[in-house]
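The values are calculated or read from the model by the stated rules, or taken from the named source; none is laboratory data. Computed from a prediction, not measured in an experiment: that's the story for all the values here. No Cβ is skipped: glycine too gets one built from the backbone with ideal geometry, and neighbour counts run over all protein chains shown.
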Amino acid sequence: MPEINVKTFKSNPSLSGMAKLVPDVVFSKVSGVELKMQIIVPWVNEQTYETNTKKWPLIVFLQGSAWTFPDVYYQLPQLATIARKGYVVATITHRNFMEGHPAPAFLQDAKTAIRFLRKNAEEYHIDPERVCFWGTSSGGNTALLVALTGDDPKYKTDEYREFSDSVSVAVDCFGPTNLVGLFEKVKDTLDPALINGLVGGNVTKHMDLLKEISPLLILENNRNYPPILLVHGDADAVVPYSESENMYNALIENGYDAELIRVENASHEGSFWSCELIDEIMDFIKRKL
């Protein structure tokens, strides 16, 4: 008889390196709009007490959408890989300003998502003391605003109000930081409808609100801001690299913990991404969490 070659593997009772998707979790019904997040959770063996009580750090991710309605599936494959390394990852959305929900609705919703996850930390095995907010483009802008306005009652809705919306770490990928400056640059050459809609009317009458959602312009001295990573492509034609560079310089000059990664010849999304870059972002998150 031919020799039988049987490969043998050890079992994985702790389910290490595995993850599951919890889809379409409703986290907000504010203003009659039902908002859902996708949660990726490391697998746990519910029969093993030690594993069952394991708490994982949380990464809340917000995909850029020009503050309209984020695509929660865009980075799902990459986020799943991160969850398998021992993170609970929730990719969230927010109300759409084009449907009558101008700023700061997007920021309120992002903070509601954080509070919801803290409220349900036990169910999803989350360590509520280790929370990172990571966003891209308009989501990166949101990440910075979340970092700079932790537990500000101005942005707290009645949903899960007793829980904190502050974070331990923030990551901003190519997000605009000075919307007032960007508007001044484009107002005579481009249709300003996007920014007009974002602030709920004519920008010139709502300049205070535009400043309010510009992280560079609301940065203050002697505040308890979390560590912040800024990542930006130097060939970005949508949001100039200088937006992140200026924010980084301001953070450093004020004595805050900040790092900046410049991605050579990278555009807005697309070629910006690489496995090496994601590893570098995760290294920052791991070090700071």
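Entry remark, the stretch 150-187: residues being among the hydrophobic types (A, V, I, L, M, F, W, C) and free of Cβ contacts under 8 Å to residues at least 12 places away in the same chain number 1 in total. Counting only helices (runs of 4 or more DSSP H) that sit wholly inside the stretch 182-289, those with at least 1 residues that are touching a Phe, Trp or Tyr at 6+ places or on another chain (Cβ under 9 Å) and more than 28 Å from Y74 (Cα to Cα) are 207-212, 241-253. Here L289 passes the criteria (1) at pLDDT below 95; (2) more than 19 Å from the chain's Cα centre (by Cα) except the one numbered (2).
If the requirement is being without any contact (Cβ under 8 Å) to a residue 12 or more places away in the chain and of a type in the set (G, A, S), which of these qualifies: S31, S65, S16? It would help to see each step written out before you state the result.
Working: S31 fails: without any contact (Cβ under 8 Å) to a residue 12 or more places away in the chain; S65 fails: without any contact (Cβ under 8 Å) to a residue 12 or more places away in the chain.
The unique qualifying residue is S16.
Whether a residue is in contact with an Asp or Glu (Cβ under 8 Å, 6 or more places away or on another chain), more than 17 Å from V169 (Cα to Cα) and free of Cβ contacts under 8 Å to residues at least 24 places away in the same chain was assessed, and V26 passes this test. In the stretch 233-245, of all residues being surrounded by 17 or more Cβ atoms within 10 Å (Cβ to Cβ) and touching a helix residue (DSSP H, G or I) at 6+ places or on another chain (Cβ under 9 Å), the one that is farthest from E184 (Cα to Cα) corresponds to G233. Show the residue pairs that are 6+ apart or on different chains and have beta-carbon atoms under 9 Å apart, the first residue being within the stretch 226-239 and acidic (D, E), the second being assigned to a loop (DSSP other than H, G, I, E, B) and surrounded by fewer than 20 Cβ atoms within 10 Å (Cβ to Cβ). Correct list of pairs: D234/E264; D234/N265; D236/S267; D236/H268. Taking the stretch 34-112 and the strands (runs of 3 or more DSSP E) fully enclosed by it, the elements with 2 or more residues that are over 12 Å from the mean Cα position of the chain (by Cα) are at 35-42, 56-62.
Closer than 20 Å to P128 by Cα and not charged (D, E, K, R): which single residue out of W56, W67 fits that description?
On the way: W67 fails: closer than 20 Å to P128 by Cα.
Sole residue among the options that is closer than 20 Å to P128 by Cα and not charged (D, E, K, R): W56.
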